[in-house]
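Novice: Below is a structure I'd like to ask you about.
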Amino acid sequence: MEILTVFAEWFIGLFNEGGNVFVGFLTGIVPTLVALMTAVYAVKNLIGEDKVNKFAAKIGGNIVLRYTLLPVMAVFFLTNPMAYTFGTFLPERYKPAFYDAAVSFVHPILGLFPHANPAELFVYMGIANGIQELGLSLGALAIRYFLVGIVVIFIRGVVTERITVWMMKKDGIELEGFEEFQAKSA
């Protein structure tokens, strides 16, 4: 009987802990995301949706800028996880690759701009602690981490884009909006 009681307490405790995590999201990240989304849409409406879309189309029309500058700007200005919303300005065929590039940049930016992903700062700080123990410069580490991150996100973006296009063509999915996007960015 004691084993059943312990199991029952553990079982309900598991769901209680899940409820605590859920409440933590509701009082932590969710209001922040709602506020950030409201601010981004307000800025977009103040500047003008056409101007924002034209700027994004100009950047997104260039493969190098699409997978370097756009993800860097998204992560720097909007931080993780709001940064992924920058993909809304791109045609469907580029969204998976943009997401891959942006999500891959939330760590390399930390050494120079810890505000971008403070919840994951412990990863960078673990590496930084080892570098400091060796008597090496953290500034050099941060810059190298940032620059290598840009190279990696570019490679990941291009590879993911190629895979996405290949899979869409293989499945007969129309690459809708691509011609219009190319015309806007010209």
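The values are calculated or read from the model by the stated rules, or taken from the named source; none is laboratory data. Everything quoted here is computed from the prediction, not taken from an experiment. Cβ sites come from the backbone with ideal geometry, for glycine too, and all protein chains shown count toward neighbours. Protein only, heavy atoms only, side chains kept; ligands, DNA and RNA dropped before computing areas. Shrake-Rupley method; radii C 1.70, N 1.55, O 1.52, S 1.80 Å.
Novice: If you go through the stretch 132-153 one residue at a time, do you hit one that is of a type outside the set (Ser, Thr, Tyr), farther than 25 Å from Thr79 by Cβ and surrounded by 11 or more Cβ atoms within 10 Å (Cβ to Cβ)?
Specialist: Checked the stretch 132-153: at least one residue is of a type outside the set (Ser, Thr, Tyr), farther than 25 Å from Thr79 by Cβ and surrounded by 11 or more Cβ atoms within 10 Å (Cβ to Cβ).
Novice: While we're looking at this one, here's another question. Given the criterion touching an Asp or Glu at 6+ places or on another chain (Cβ under 9 Å), of a type in the set (A, V, I, L, M) and in a helix (DSSP H, G or I), identify the matching residue among Ala97, Ala83.
Specialist: Answer to the check: Ala97.
Novice: Kindly indicate the residue of the stretch 106-127 that is of a type in the set (Gly, Ala, Ser) and open to solvent by less than 70 Å² (accessible area, probe 1.4 Å) and also nearest to Thr68 (Cα to Cα) among those meeting that condition.
Specialist: Ala116
Novice: Sticking with this one: Restricting attention to the stretch 28-68, and to residues there that are more than 23 Å from Ala97 (Cβ to Cβ) and among the charged types (D, E, K, R), which single residue is modelled with the lowest pLDDT?
Specialist: The extreme case among them is Glu49.
Novice: Let me ask another. Filter the stretch 62-73 for residues that are touching a residue at least 24 places away in the same chain (Cβ under 8 Å), surrounded by fewer than 24 Cβ atoms within 10 Å (Cβ to Cβ) and assigned to a helix (DSSP H, G or I) and give the result.
Specialist: We begin by selecting, within the stretch 62-73, every residue touching a residue at least 24 places away in the same chain (Cβ under 8 Å); these are 62-64, 66-68, 70-72.
Restricting the remaining residues to those that are surrounded by fewer than 24 Cβ atoms within 10 Å (Cβ to Cβ) gives 62-64, 66, 68, 72.
Passing the criteria: Ile63, Val64, Arg66, Val72.
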